[in-house]
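A short worksheet on the structure shown next.
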Amino acid sequence: MPVTERLYYLDSHLIEFEARVVDVTERVSGWTAIVLNRTAFYPTGGGQPSDTGTLDGMRVVECIDDGDRGVLHVVQGVTPARDAIVRGRVDWSRRLDHMQQHTGQHILSQAFVTLFNAPTRGFRVLDTSCEIDVELSEPTTEKIERAVELANNVIWEDRAITIRNVTSEEVSELSLRKEPSREGELRLIEIEGFDLTPCGGTHAYRTGEVGMIVVRSWERAKGLTRIDFVAGTRALADYRKANRSAREVAALFSSGRDDIPQLTAHLLEEQKELHRRIRLLEENAAEVEAERLLETASDGIVTHVFEGRDAESLKRLAQALMANPRTIALLGSRDKDTARLVFARSADALGDMNALMREACTMLDGRGGGKPDLAQGGGKHVERLDEIITLIKSKLTSG
Ligand SMILES: [Zn+2]
């Protein structure tokens with residue numbers, strides 16, 4: 001005979017009860033585990049999180065199933081003596097939430113079996129959503145939505161949910177959605193005309209109490225389809241959140257909420273086109289700038305150090321310069337603490353830009369390299385940039 005009579009097995013809506021303290025054990029400093037002769041508190045298990053609540057005003061932060069030792073109620077603070085009579089109260093909003101998720105899961109799992117012969121292999125109630133791992137090989141929006149629709153129809157038909165305790169002989173004659181994970185007498189949860197599953201969780205009286213089920217997303221994971229869903233109050237909270245996000249985006253467009261997908265797609269298309277046009281303009285600008293710089297060239301070599309010019313723009317200018325015959329460009333740019341270099345030459349000019357760049361970068365205390373006709377690099381010694389470019393130029397003219 002187990003120590004704790006589990007009242008939650010008999011009535012999932014019972015939240016107030018009186019019980020006798022059977023055992024009090026200090027666990028870790030300040031935390032005490034209380035065992036009662038009976039409890040309405042559901043301990044963590046079967047994918048359903050623990051109830052919380054109070055025992056004579058003490059906060060019960062978690063309940064742990066300790067098998068034959070009963071249910072441990074973890075509390076903090078002054079604890080009652082052994083044999084004391086205490087009054088327990090389960091947090092109803094948390095219990096209702098867990099019931100909605102758990103009963104919702106039974107319904108959704110059976111919907112996948114009914115429609116696609118796809119059993120559920122795992123179930124978890126998380127902080128704000130729930131997950132089931134389903135043997136659904138090719139999940140599509142259409143399949144998922146069909147299951148969600150069937151599940152919600154079962155909810156709105158407000159079917160009765162009953163608990164059946166059966167012996168192992170009786171079990172063999174029943175068609176269960178899930179193989180029992182233990183021997184002996186079994187507790188079955190029956191959703192009238194729809195589902196029969198062994199389970200130790202707390203469930204709604206009728207399916208209507210679940211309110212609604214929605215699937216938020218799904219992904220393939222470890223050969224199964226992991227489905228993220230919410231039921232009941234979580235479905236409402238999730239709707240509010242999704243609606244708020246959608247309306248905030250819509251406000252940016254000064255449009256209606258349901259027009260966002262089309263407007264966003266249009267915006268992205270427009271952005272792509274703008275990028276294309278900017279690239280063209282930048283190329284044009286580089287060509288004009290290259291022409292101006294060519295006028296300053298001596299011995300076919302253009303040298304110039306810019307302030308705060310990024311590597312991409314520097315390279316574009318170098319490319320515009322190397323398009324001219326017999327031209328070498330030694331370009332630099334400096335920011336606060338970074339020096340950048342690009343060396344380039346036209347196909348008919350002489351000089352190994354890669355080798356020169358490596359040499360220059362060593363002097364800059366940095367790194368760089370590239371091809372014989374175009375190389376990039378940079379380093380720390382910003383103050384040596386002019387000097388280094390002059391040096392590289394002298395190497396080219398003397399060589
Ligand atoms: Zn269950």
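The values are calculated or read from the model by the stated rules, or taken from the named source; none is laboratory data. Since we're looking at a predicted model, the values are computed, not measured. When we count neighbours, we look across all protein chains shown, and the Cβ atoms used for this are built from the backbone with ideal geometry, even at glycine. Side chains are part of the model used for accessible areas, which takes the heavy atoms of the whole protein and leaves out ligands, DNA and RNA. Shrake-Rupley method; radii C 1.70, N 1.55, O 1.52, S 1.80 Å.
Just to be sure before I move on: is E289 at pLDDT 90 or above and over 47 Å from the mean Cα position of the chain (by Cα) in the structure I sent?
yes
Scan the range 41-68 for residues that are away from the ligand (no atom under 16 Å from the Cβ) and open to solvent by 50 Å² or more (accessible area, probe 1.4 Å) and jot them down.
Of everything in the range 41-68, those that are away from the ligand (no atom under 16 Å from the Cβ) and open to solvent by 50 Å² or more (accessible area, probe 1.4 Å) turn out to be D56, G57, R59, V61, E62, I64, D66, D68.
Quick one: how many residues across the range 361-378 are farther than 16 Å from F306 by Cβ, touching a Gly at 6+ places or on another chain (Cβ under 8 Å) and in contact (Cβ under 8 Å) with a residue 40 or more places away in the chain?
0
Can you name every residue in the range 146-174 that is open to solvent by 90 Å² or more (accessible area, probe 1.4 Å) and under 37 Å from the mean Cα position of the chain (by Cα)?
Once the filter is applied, which keeps residues that are open to solvent by 90 Å² or more (accessible area, probe 1.4 Å) and under 37 Å from the mean Cα position of the chain (by Cα), the range 146-174 yields R146, E149, W156, E157.
When the range 116-130 is examined, which residues are found to be more than 16 Å from G201 (Cα to Cα), assigned to a loop (DSSP other than H, G, I, E, B) and modelled with pLDDT of 95 or more?
Selection gives N117, A118, P119, S129.
Considering each residue of the range 289-307, count those that are in a loop (DSSP other than H, G, I, E, B) and among the polar types (S, T, N, Q), and give that number.
Going through the range 289-307 one residue at a time, the tally reaches 1.
Please state which one of V71, V125 is closer than 29 Å to R27 by Cβ and within 15 Å of the ligand (Cβ to nearest atom).
Matching residue, one of V71, V125: V125.
With respect to T141, is the statement that it is more than 20 Å from E16 (Cβ to Cβ) and of a type in the set (S, T, Y) true?
It is true that T141 is more than 20 Å from E16 (Cβ to Cβ) and of a type in the set (S, T, Y).
Of the residues E170, E149, E138, E179, which single one is at pLDDT below 95, of a type in the set (D, E, K, R) and assigned to a helix (DSSP H, G or I)?
Result: E170 is the single residue among E170, E149, E138, E179 that is at pLDDT below 95, of a type in the set (D, E, K, R) and assigned to a helix (DSSP H, G or I).
Being touching a strand residue (DSSP E or B) at 6+ places or on another chain (Cβ under 6 Å), more than 16 Å from the ligand (Cβ to nearest atom), open to solvent by less than 70 Å² (accessible area, probe 1.4 Å) and outside any strand (DSSP E or B) is the filter here, so list the residues in the range 78-112 that pass it.
T79, P80, A84, D91
For (1) touching a residue at least 60 places away in the same chain (Cβ under 8 Å); (2) under 21 Å from R384 (Cα atoms); (3) of a type outside the set (S, T, N, Q), each residue gets a yes or a no:
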| residue | (1), (2), (3) |
| --- | --- |
| T303 | yes, yes, no |
| A329 | no, yes, yes |
| A344 | no, yes, yes |
| N354 | no, yes, no |
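Give all pairs with beta carbons closer than 6 Å in which a residue from the range 150-179 that is under 21 Å from F116 (Cβ atoms) meets a residue that is surrounded by 14 or more Cβ atoms within 10 Å (Cβ to Cβ) and among the small types (G, A, S); count only pairs at least 6 apart in sequence or on separate chains.
Every condition considered, the pairs that remain are L150/A111; A151/A111.
Look at G57 and say whether it is modelled with pLDDT under 95 and in contact with a helix residue (DSSP H, G or I) (Cβ under 8 Å, 6 or more places away or on another chain).
For G57, the condition - modelled with pLDDT under 95 and in contact with a helix residue (DSSP H, G or I) (Cβ under 8 Å, 6 or more places away or on another chain) - is not met.
What residue, of K241, K222, K272, is on the phi < 0 side of the Ramachandran plot and surrounded by fewer than 11 Cβ atoms within 10 Å (Cβ to Cβ)?
K272
Suppose the filter is more than 16 Å from the ligand (Cβ to nearest atom) and either open to solvent by less than 40 Å² (accessible area, probe 1.4 Å) or within 30 Å of R334 (Cα to Cα) (or both); does E295 pass it?
Yes: the conditions hold for E295.
Answer yes or no: is there a residue in the range 43-62 that is touching a residue at least 40 places away in the same chain (Cβ under 8 Å), of a type in the set (A, V, I, L, M, F, W, C) and within 30 Å of P198 (Cβ to Cβ).
no
Return the residues of the range 193-211 that are at negative phi and either near the ligand (Cβ under 9 Å from one of its atoms) or assigned to a loop (DSSP other than H, G, I, E, B) (or both); say none if nothing qualifies.
If the condition is that a residue be at negative phi and either near the ligand (Cβ under 9 Å from one of its atoms) or assigned to a loop (DSSP other than H, G, I, E, B) (or both), then F194, T197, P198, C199, G200, G201, T202, H203, A204, Y205 are the ones that fit.
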